[in-house]
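Just so it is clear, none of the values below were taken in a lab; they were calculated from the coordinates. Predicted model, so just to flag it, every value in this text is computed and none were measured. So basically every Cβ, Gly included, is an ideal-geometry build from the backbone, and we count neighbours across all protein chains shown.
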Amino acid sequence: ERQAWRRLIRVLGHELNNSLTPIQSTTDTLQALLHREPRPADLEEDLDRGLQLIGSRARALGRFIGGYSKLARLPPPDLAPIAVGQWVRRAARVETRVPVEVSPGPEITHEADPDQLEQVLINLLRNAADAALETGGGVRVTWQAHADGVEVLVEDDGPGLARTDNLFVPFFSTKPGGSGIGLVLSQQIAEAHGGTLTLENRPGAPGCLARLRLPGLSEPRMP
């Protein structure tokens, strides 16, 4: 636990420094330009660029803090029966950048928090679509019923994972502009349901496979 806290503090310090350092540097530069005599001919252009940079870093810092707040305030699941097929299809319709193929599984209901699980699946599909866009591939999602619960599988035709050790580290992201929050939040939601979320490279094919496992009995959905 102590190691986890130390790692989190390092990440927090790193991200805060990444935003505050350019803000301070740009502020100092703009102040120097304003006090220079005679004023540079392109002063307005420099001011505009500097203010845009300050605004960009401030917004990034805001997203970072907002993401941290989400992790700290995750409420316990509000369980209710959900139709698994409807949940999967609804989340798949949200992703419009690449084709999402839904392979139907058994029509079952499962006790879970519908809002939280929808957020998890939307995050997984968004990540899969981001990867598929790099290669022009597609995304597939399906679900299976097991004796001890239900499993949702999301796979993509992207380039695959270069490394997996940082996937669930808060605020770590390999994507430009990424917050590093989506997967961490999704894992927390899965664990709050007593389940697991794992990501791995697809065996024998390029791309990634995400497995969301939720424990508990699933009932056949009544027509």
### Task
Would you mind computing, in nm to one decimal, how far apart the modelled labels at Gln31 and Ala205 are, each placed 7 Å from Cα along Cα→Cβ?
5.8 nm
### Query
Which net charge results when you count Lys and Arg as +1 and Asp and Glu as -1 among the other residues whose beta-carbon is under 13 Å from that of Pro114?
-4
### Query
How much length, in nm to one decimal, is gained on full extension between Arg59 and Thr21, taken as 0.36 nm per residue of separation minus their Cα-Cα distance?
12.2 nm
### Query
In whole Hz, what ³J(HN,Hα) sequence does segment 118-127 give by Karplus (6.51, -1.76, 1.60; θ = phi - 60°), x for Gly and Pro?
5, 5, 4, 5, 4, 4, 5, 5, 5, 4
